Structure formats: structure tokens, C-alpha cells
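Have a look at the structure below, then the notes.
No lab work stands behind these numbers, since they all come straight from the coordinates. If you're wondering where the values come from, they're calculated on a predicted model, not measured in any experiment. Here the Cβ is made from the backbone with ideal geometry for all residues, glycine too, and neighbour counts use every protein chain on show.
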Amino acid sequence: MTKLDRRRFIGGATALAAGLGGMPSLAQAQARSITVTAFGGVWEEAVRKCFVAPFEAKTKAKANVSLGGPPQWLAQVEASPKKPPVDVLIMTPDLALTAAKAGLVDDFTVEKLPNLAKIPKELTDSVMGKGTLFDYGVGGITFNKNRVKNPPKSFAEFVDRVAKGEFVASVPSISYAVTPIMLIWAMAKAFGGGTENVDPFFKAMEKMKKNLVFWAGPNDFFNHLSSGEAELGIYFDGRTWNHFDSGATWIDFINPSEGGSLNGVAVQKPVNADPLAWDYINEVLDAKNQALFAEIMNYGVTNTDVVYSDKLKPRITPWQQTQFPPYEEIAKVRNDWVNRWNREIGR
């Protein structure tokens, strides 16, 4: 090759690379990584399989998984908003609203997230459009089929029959983080109250108090039902079915006729996080990925194109058949509810 030919070859190759952006972009993607979040246990396994794997396959970038909880992750972003240590947040709706109001997270748009078009607008609006719900559980009535042949179908029937002593019921204690939503608000709502009036809930608890036991963690509830200490109680659908699949085929779940509380999980992107986070979140919102996540977790997901398996279909309560908690309003009165619980119930 002559010097002239060699110059032409090098120049042409450089121009081709610059024009196509192929090899440099691939090298950059391979060298890049983002940090995403997950709860521990089966949650982490599901996140890695359903969201991390397809993201890494498509982008050739790495998604490192940070384990923990929403309060911890939010505090980390608040402490370093210009250079957030995590690129994708998994949040409870109340903390998602906190992040949104503080301007710590970006707006979600279909331009950034094509799969957002398949998520019901109500679920995105619930966190001010600065994130969306991708997964949810329902707080309803779980019971031991061997001991309860005719389970209550509503909160009203539940309270009446427990108050009469027909059953001992296990309900979450105030130390469980979701109790204000899944029990206090949901039952107050069922009896005509709401965020502005939880008297109906406390009256119901007064009627049932002689026939109640309290669980502080999900395993406590399962132990209550398996030992016979309680026959039924207020619990989550997904956890109920996880116990069933683990061999406790005597357990079952009912969504109360008034509608159990919807307890969603939101996904958000911190301001100034790596733009690759959008690619990852789009995988979180993908119908195929969500369907697999639901199969593993036994919880409902939000992409309207998801088709549940024959096993899962009868287990999932459509979100439209739940009571959608006013998370923002509950956050304002939560401490008052907790204080009143401590005064009147104490457990």
C-alpha cells in the first residue's frame, strides 16, 4: 500500500466510524454501568432475571443492584442530588411523592419511555407524573381453608363475625410500615370514613379487640394461621400465594367486596442520574418482563398488554377492583393516626 493509499484508507475508516457512531458507541456502552435498586430475597432474584438481564442484553451496559429500602435510597439521593449514587429508584408511593415534590426525580414521558404508553395514566398521575407504579399488592382477607369454610366476603362481615367471637383474627400491628394504608385507611373507608375521619376504624377495632392478635411481620401472620392461634386476618394477596406455592395449600385470599387497599411500588429516575436509566426503566415497564415478574412474585403488574398465566390469572385482583389510597393525604395525617393507635390500641 502506498503512503497516499494508506492515508485514504485511514481517513475513510475514521470518517465511517464518525458517521456511523458504531464502534465507539459500543465500546462506551460496554464500559458504562448504572446502579438500580431492589428489595432483598426473591425480589432481588426477580429484578435480576426480569429487568437487569434484558437491559444488559440490549444495551451491553452493566446494571449493578443496590439492596435496601426506599427511605435509605431517598436519603442517598437527597444527600447528593447533583451526582446521585443510584440511577433508578424503587419507592413506596408516599416516598415517591416526597421525591417528586422535592424536585429530586425526573418527569416520565412516552418520548423517554415508549412502554409508558401501556401504563394506565392514573398510576402515573398518582406520583405526579414523576415516576409510575409498575407492581402492586392488595390488602385483603387471608384465611385458613381448613378452619374457615365460609369466609367473610367484606370488611363489614369480617368485623361483625370477629366481634361475635366466630373467629380470632390476625391483623398488622402499628409497627408494620403499611398498616396505616392496608388497615386503618382501608377499613375506615369501608365503613364510610377516610383520611378525614378514621373513627369508623377505631370503633371497629374496639368491637373486635377480644378476638384479635397482632402481627409485626409477614411471617408472624403465617405462623398465627398455621398454628391455629388465628383463623383469618388482614394480609397481602401476593404473600398469601407465595405461602401456597411453598406448600401451604390450606391458605386462601379474598379481595373484600368494598375493595382492599392497593399498595403499589413506583419506579423513578433521580435528576442527574445516568440517561441509561431510561433504558432500564423501559424494561421495567415492558409487558413481557412484567409478566415474568408477576409469575415469580405473585403480584399484579401494570402494563395493560400483560397476559397472566392460567395459574396466576385467578390470583390477581385488577387494580380497578381495589381502593386506590390517597397517598399524599395519608402522609399528612399518618403520625396522628399512629399516635391515636398507641393511645387506644397500644399494640
Q. When the dipole is taken about the Cα centre of segment 137-260, and only Lys, Arg (+1) and Asp, Glu (-1) are charged at their Cβ, what size is it in debye, to the nearest 20?
A. 260
Q. By a straight-distance test (C-alpha under 12 Å), which aspartates and glutamates pair with residue 60 as possible cross-link partners, with residues fewer than eight away in the same chain excluded?
A. 279
Q: Excluding residues on the same chain fewer than 8 positions from residue 130, give the lysines whose Cα lies under 18 Å from its Cα.
A: 82, 101, 112, 118, 121, 269
Q: With runs of 4+ DSSP H residues as the only contributors, calculate the mean residue ellipticity of the chain at 222 nm using -39,500 (n - 2.57) per run, divided by the residue total and rounded to the nearest 500.
A: -12000 deg cm²/dmol
Q) Using alpha-carbon pairs under 8 Å, 6+ residues apart, how would you state the relative contact order of segment 137-260 in percent? A) 47
Q) Dipole of the chain, Cα-centred, from +1 at each Lys and Arg C-beta and -1 at each Asp and Glu C-beta, to the nearest 20 debye? A) 760
Q.
If each residue of separation counts as 0.36 nm, what is the full-extension length gain between residue 150 and residue 223 once their alpha-carbon separation is subtracted?
A. 24.1 nm
Q) By how many degrees, between 0 and 90 and to the nearest 10, does the Cα long axis of helix 287-297 differ from the longest principal axis of the chain? A) 40
Q | Where the Cα pairs of segment 84-153 fall when distances are cut into 10 Å bins, in % | A | 17, 39, 18, 14, 11, 1
(Q) Report, to one decimal in Å, the Kirkwood hydrodynamic radius for segment 137-260 based on all distinct Cα pairs. (A) 14.2
Q: Give a quick list of GluC sites (Glu not before Pro) in segment 35-142 that DSSP marks as loop, anything other than H, G, I, E or B, with at most 11 other Cβ atoms within 10 Å.
A: 111
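Which whole-number percent is the relative contact order of segment 223-347 (Cα, under 8 Å, 6+ apart)?
Relative contact order for segment 223-347 comes out at 25 percent.
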**Q.** Positive-end extreme of charge dipole, the chain - chosen from 72, 142, 233 (charges on Cβ)
**A.** 72
Q. Ranked highest first by average number of other Cβ atoms within 10 Å, how do 86-93, 126-133 line up?
A. 86-93, 126-133
Q) About its Cα centre, how strong a charge dipole does segment 241-347 have in debye, to the nearest 20, once Lys and Arg get +1 and Asp and Glu get -1 at the Cβ? A) 420
**Q.** Per residue convex hull volume, Cα atoms of the chain, in Å³
**A.** 148
Q) How much net charge surrounds residue 257 when only the other residues with a Cβ under 10 Å from the Cβ of residue 257 are counted, with Lys and Arg +1 and Asp and Glu -1? A) -1
Q. Just for the Cα atoms in segment 257-318, what are the lengths along the principal axes, largest first, rounded to whole Å?
A. 44, 26, 18
Q: Calculate, in nm to one decimal, what residue 213 and residue 296 gain on full extension: separation in residues at 0.36 nm each, minus their alpha carbon distance.
A: 26.9 nm
Q | Footprinting exposure proxy for 347, 334 (fewest neighbouring C-beta atoms within 10 Å first) | A | 347, 334
Q. Which of the lysines could be linked to residue 313 by a straight reach, that is with a Cα gap under 17 Å, when you skip same-chain ones fewer than 8 residues away?
A. 288
Q | Relative contact order (percent, whole number), the chain, Cα cutoff 8 Å, 6+ residue spacing | A | 24
**Q.** Rg/Rg_globular for segment 39-126, with Rg_globular taken as 2.2 N^0.38 Å and Rg from C-alpha atoms
**A.** 1.16
Q | Residue of 249, 35, 195 that the Gaussian network model of the chain assigns the largest fluctuation, springs spanning Cα pairs under 10 Å | A | 249
